[in-house]
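Participant: Before I ask anything, here is the structure I am working with.
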Ligand code: IP8
């Protein structure tokens, strides 16, 4: 089984509030369907989450009550985004349902607590793909907080023990510097905890949950004996499908 995160930079235009990349999402869902692999999809929030979350500092929890309408707005926006992702999955023949983390999980000082995953496991068991996503989640200490799709990936990796974990982004993988601003940036094909120490934390967009470095760190945590975590570019047509079919493609593989 595969666990795939469709990053917010691929499914939305992160610089434009609430802009859904419908054609790209549709193509990626087709590639997932064509691969024929059992898959669970998580997606990021992109411009449906980060723009308002950043404006109201939602990642810091409850600071003042002017943030409250923003909680409702972000939850509404990411649910709409998730419905659009699920629609593309269904259109491509994958029965999928959206499972909002803010309605079934809590956090404790930023750490996601999952007491009950029965419904998610039952859905997968009968062949319906549960689709989870980055969301505003209530927090026992901070009132509320931002739960990223990457945190959800770690929880689902624990529950489902996938053979492979794939992060679909808008870059070919991890670079020695930010490839969007530094022409000398080189792709790093394989990342280990040692290599991570020398890498700068470049991120080109406003993101309340950390850039590529944070993602790599969470990928390293998910690596297991015999299980890779891969970062691949989903903006290149056919690349995700090639990777899922086991072909060699430009990407970064995280290994312990
Ligand atoms: O896009 C962030 O999730 P991510 C969730 O996976 C919100 O980092 C609501 C900003």
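Coordinate-derived values only; no laboratory data. Being a predicted model, the structure only gives us computed values, none of them experimental. In this analysis, Cβ positions are derived from the backbone assuming ideal geometry, glycine residues included, and neighbour counts consider all displayed protein chains.
Participant: For the chain, set up a Gaussian network in which alpha carbons nearer than 10 Å are linked by springs, and say which option among 29, 147, 223 fluctuates the most.
Facilitator: Looking only at 29, 147, 223, the biggest GNM fluctuation is shown by 223.
Participant: Using a basic spin-label model with each label point 7 Å from the Cα along Cα→Cβ, how many nm lie between residue 18 and residue 62?
Facilitator: Distance between label points: 2.7 nm.
Participant: Let me ask you something else. Given R₀ = 45 Å, what would the calculated FRET efficiency be for residue 33 paired with residue 109, taking r from the Cβ atoms and rounding to 0.05?
Facilitator: The value I calculate is 0.70.
Participant: Cut-off is 10 Å between beta-carbons; in what order do 152, 159, 11 appear when sorted fewest neighbours first?
Facilitator: Neighbour counts put them in this order, fewest first: 159, 152, 11.
Participant: Now for a separate question. Once all Cα-Cα distances of the range 101-238 are split into 5 Å bins that start at 0, what whole-number percent is in each one?
Facilitator: 2, 9, 17, 19, 19, 16, 11, 6, 2, 0
Participant: Just to verify a number: FRET efficiency for residue 138 and residue 213, C-beta to C-beta distance, R0 = 22 Å, to 0.05?
Facilitator: Here the calculated transfer efficiency is 0.20.
Participant: Can you show me the helix-derived [θ] at 222 nm for the chain, built from DSSP H runs with n ≥ 4 at -39,500 (n - 2.57) apiece and divided by the number of residues, rounded to the nearest 500.
Facilitator: Helices in the chain give a 222 nm mean residue ellipticity of -10500 deg cm²/dmol.
Participant: If you don't mind, there's one more thing I want to ask. Most exposed first by the Cβ proxy, i.e. fewest other Cβ within 10 Å, how do 26, 82 rank?
Facilitator: Fewest-to-most Cβ neighbours within 10 Å comes out as 26, 82.
Participant: Anyone know which of 173, 246, 38 comes out most mobile in the 10 Å Cα GNM of the chain?
Facilitator: Sorting by GNM fluctuation, first place goes to 246.
Participant: Please report the base-10 log of the normalised intensity I(q)/I(0) for the range 90-182, using a Debye sum with one equal scatterer per alpha carbon and no solvent, at each q in 0.21 (1/Å).
Facilitator: -1.08
Participant: When 1/r is averaged over all different Cα pairs and the result inverted, which Kirkwood radius in Å belongs to the range 1-153?
Facilitator: It works out to 15.6 Å.
Participant: Any chance you could list the semi-axes, whole Å, largest first, of the equivalent ellipsoid that the Cα gyration tensor gives for the chain, using √(5λ)?
Facilitator: Working through the eigenvalues yields semi-axes of 25, 22, 18 Å.
Participant: How many percent of DSSP beta bridges within the chain run antiparallel, rounded to 5?
Facilitator: Antiparallel: roughly 40 percent of the beta bridges in the chain.
Participant: Continuing with this model, one more query. I'd like the distance separating the alpha-carbon centroids of the range 235-256 and the range 70-89, in whole Å.
Facilitator: 27 Å
Participant: Sort 241, 28, 187 so the one with the fewest other Cβ atoms within 10 Å of its own Cβ comes first.
Facilitator: 187, 241, 28
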